[in-house]
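S.K.: Would you mind keeping the following structure in view while I ask a few things?
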Amino acid sequence: STQSTGGFKDFIAKQFNTHLMNFIYNFVVFCFFIFFIFLTIIFKFKKQQTGREARKFFESKVLGHRGCCIFDCNAPPENTLAAFGYALQQGAHGIELDVHLTKDNQLIVIHDFNLQRTSWFDFENSDEIDQKQFNKIIKKPISKCTLAELQSIKLANVNGLSASNQRIPTLIQVIEYIHKLYSIHSIAHSHLRPLIMIEIKSISKIDQIANQLIEIFDKYDLYN
């Protein structure tokens, strides 16, 4: 009787251990299955989100050429802070601009190699610079002028007139202005910052310009 009772207990214990092991095995399998489904959902969500962001980034973009359209008579002078702000406020996703290197190694934003086409002399308020100095500066190549000389000249709009006090900006001034305008007025079409397309004009100084651009890109995180 004692042997039969002991055998029964052993049988019960063995059956219990078997069921317990089966339960643990099934539970672990179930957990792995749930975990796999969870990872699959997360992966698909991330993939869709990344895909949407990629499509949003690579879809057609409208850039303000030199800040604004040259056919818009109401637009500010090209390649100026006012022009870039105007382009973004009109719905552009970003701006296109041109850079030159000055005599004192400043990256400035201007298209031409001198100021003859885009300058404007204010005859009524010529205290800052006289006409003789004006004519001398606008005929000099950009690479032979200092930043101070270039920023002493007022710029003209598409009509050859200047209704404002716009001057040639540096590239850093443009970047800081765009970032400030974006953060304050939320002018962008999405969470992406306005695009900035930079065309290098001073090819003979490409190495110097490239080094400065890398420093600027690093400082202002322009890679994203």
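Read the figures in this text as sums done on the coordinates, not as results from a lab. Everything numeric here is computed off the predicted structure, so don't read it as measured data. Cβ atoms come from the backbone with ideal geometry, glycine included; neighbour counts cover every protein chain shown.
S.K.: In nanometres, what is the gap between the two model label sites at ILE172 and LYS140, each 7 Å from Cα along Cα-to-Cβ?
M.R.: About 2.1 nm separates the two model spin labels.
S.K.: Once the piece of chain linking LEU39 and ARG193 is laid out straight, how much longer is it, given 0.36 nm per residue of separation minus the C-alpha distance between them?
M.R.: On the way: separation 154, 0.36 × 154 = 55.44 nm, distance 3.11 nm.
Here the segment from LEU39 to ARG193 would lengthen by 52.3 nm.
S.K.: Using the Cα gyration tensor of region 76-129, with a ≥ b ≥ c the square roots of its eigenvalues, what is the shape: rounded (a/c below 1.5), prolate (a/b larger than b/c) or oblate (neither)?
M.R.: Oblate.
S.K.: Given the pairs LYS139/LYS180; LYS180/LYS201; LYS140/LYS219; LYS139/LYS219, which span a C-alpha to C-alpha distance of over 29 angstrom in this model? It would help to have the intermediate numbers written out before the result.
M.R.: Working: LYS139/LYS180 34 Å; LYS180/LYS201 26 Å; LYS140/LYS219 32 Å; LYS139/LYS219 34 Å.
Violating the 29 Å Cα-Cα cut-off are LYS139/LYS180; LYS140/LYS219; LYS139/LYS219.
S.K.: I want the local charge near ILE196. Using Cβ-Cβ distances under 13 Å, sum +1 for each Lys or Arg and -1 for each Asp or Glu among the other residues. If you can, show how the numbers build up before the last one.
M.R.: Working: positive: LYS61, ARG66, ARG193; negative: GLU96, ASP98, GLU176, GLU199, ASP221.
For residues surrounding ILE196, the net value is -2.
S.K.: Using a 10 Å cut-off on Cβ atoms, rank the peptides 148-155, 22-29 from the highest mean neighbour count down. Walk me through the numbers on the way to the answer.
M.R.: Details: 148-155: 19.5, 22-29: 10.0.
Final packing ranking: 148-155, 22-29.
S.K.: For the pair LEU147 and ASP221, how long in nm is the line joining their label points, each one 7 Å along Cα→Cβ?
M.R.: Using points 7 Å along Cα→Cβ, the separation is 2.4 nm.
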